[in-house]
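Let me begin by presenting the structure, written as structure tokens, before commenting on it.
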Amino acid sequence: MLLSVLWLVSANYRNNLGYLLTYLLAGIGAASWFQTRRQLAGLRCRFGKPAPVFAGETAALPLWIEAAGGGRPQLRLEVPGGAAENLFLEGAWRVTLSFPAGERGRRRVGPLRICSTFPLGLFRAEGEVEGGWLLWVYPRPAAQAPPPKGAREGDGGEREFEGFRSYRPGDSPRQIHWKGLAKGQGLVTKVFSEQGGESGAVFDWEMLPPAAAERRLGWLARWLLDAERQRRAYGLRLPGVSLPVGGGAGHLEACLKALAEFPGGERD
């Protein structure tokens, strides 16, 4: 509309400077539209796996983005409900987008919106990348939980030595054959068989004191984290789910995922 008014005024008064200003502004506008569209051309994106978080925390989505063809685009990255990230890209960049995790459960992150208004802000070019990244949101652990009086203990019978196997991440330091390591025999773990049943605490949903479901899940999460930190063996029993006594990062992750998917939470 501004250019139309300028052109009409210039034509009415036969003002050559008016014509010059009109065509100059029109050329700048056309060049701005071209440059804005060019910002998203040739972009290459690669996404990492978001790390699990607890409900109420801030999740992080790692992103590697590269400008092909030697360009230097100015971009704005947005995740629904999260903080936007502005960057002036030169080569390849690693960006971490933050967003609130929300309620417990298994969620799909996205879509990711990539947009630009460079260079003058007159036009906006944008595109979306559909989210296919799974984010696990564990229940928020209770700050304080009652003593797990309802945790059932395994029979804890005699343990019979069976032999050695290669060390696996998460193995208890008490089972590592330290004498063999000192003799240069490598890092191995002692394997025992349980005679008479499992040894360790089993946190059972049915044994918890009466309370709201989310509060009881918070107690279970706290007990699991404390048991893992103290390197004690533990198991978990929920309605329809039973995880055997064990330990290590993998076992803790399996237990927390079971809590996250307990009926009533947010599901994908």
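The values are calculated or read from the model by the stated rules, or taken from the named source; none is laboratory data. Computed from a predicted structure; not experimentally measured. Because the Cβ atoms are built from the backbone with ideal geometry, glycine has one as well, and the counts that use them run over all protein chains shown.
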If we ask which residues in the stretch 107-129 are within 19 Å of Pro62 (Cβ to Cβ) and part of a strand (DSSP E or B), their number turns out to be 8
Among residues of the stretch 38-66 being charged (D, E, K, R) and out of contact with any Phe, Trp or Tyr (no Cβ under 8 Å at 6 or more places or on another chain), the residue farthest from Leu225 (Cα to Cα) is Arg38
Selection from the stretch 233-246 of residues surrounded by fewer than 19 Cβ atoms within 10 Å (Cβ to Cβ) and assigned to a loop (DSSP other than H, G, I, E, B) yields Pro239, Gly240
Selection from the stretch 153-188 of residues of a type in the set (Gly, Ala, Ser), over 23 Å from Gly250 (Cβ atoms), at pLDDT 70 or above and not in a helix (DSSP H, G or I) yields Gly184
Subset of the stretch 208-232, residues in contact (Cβ under 8 Å) with a residue 60 or more places away in the chain and not in a helix (DSSP H, G or I), comes to Pro209
If we ask which residues in the stretch 192-237 are at pLDDT below 90 and either of a type in the set (Phe, Trp, Tyr) or more than 20 Å from Gly248 (Cα to Cα) (or both), their number turns out to be 9
Residue set Leu40, Leu77; condition in a strand (DSSP E or B) and hydrophobic (A, V, I, L, M, F, W, C); output residue Leu77
Any chance the stretch 12-22 includes a residue that's of a type outside the set (Val, Ile, Thr), touching a residue at least 12 places away in the same chain (Cβ under 8 Å) and assigned to a strand (DSSP E or B)? no
- Of the residues that make up the stretch 93-115, is at least one modelled with pLDDT under 90, more than 30 Å from Gly250 (Cβ to Cβ) and either touching a Pro at 6+ places or on another chain (Cβ under 7 Å) or among the small types (Gly, Ala, Ser) (or both)? no
The residue that is farthest from Glu128 (Cα to Cα), considering only those in the stretch 93-109 that are touching an Asp or Glu at 6+ places or on another chain (Cβ under 6 Å) and surrounded by fewer than 20 Cβ atoms within 10 Å (Cβ to Cβ), is Glu103
Selection from the stretch 239-263 of residues within 13 Å of Val137 (Cβ to Cβ) and touching a Phe, Trp or Tyr at 6+ places or on another chain (Cβ under 8 Å) yields Leu256, Lys257, Leu259, Ala260
Within the stretch 35-80, residues of a type outside the set (S, T, N, Q), under 15 Å from the mean Cα position of the chain (by Cα) and loosely packed, with under 13 Cβ neighbours inside 10 Å come out as Arg46, Lys49, Ala51, Pro80
Filtering the stretch 40-79 for residues that are closer than 24 Å to Leu252 by Cα and without any contact (Cβ under 8 Å) to a residue 40 or more places away in the chain leaves a count of 4
Going through (1) crowded, with 18+ Cβ neighbours inside 10 Å; (2) closer than 14 Å to Phe118 by Cβ; (3) not hydrophobic (A, V, I, L, M, F, W, C) one by one, Asn86 fails only at (1)
By residue number, the members of the stretch 217-227 that are surrounded by fewer than 20 Cβ atoms within 10 Å (Cβ to Cβ) and more than 22 Å from the chain's Cα centre (by Cα) are Asp226
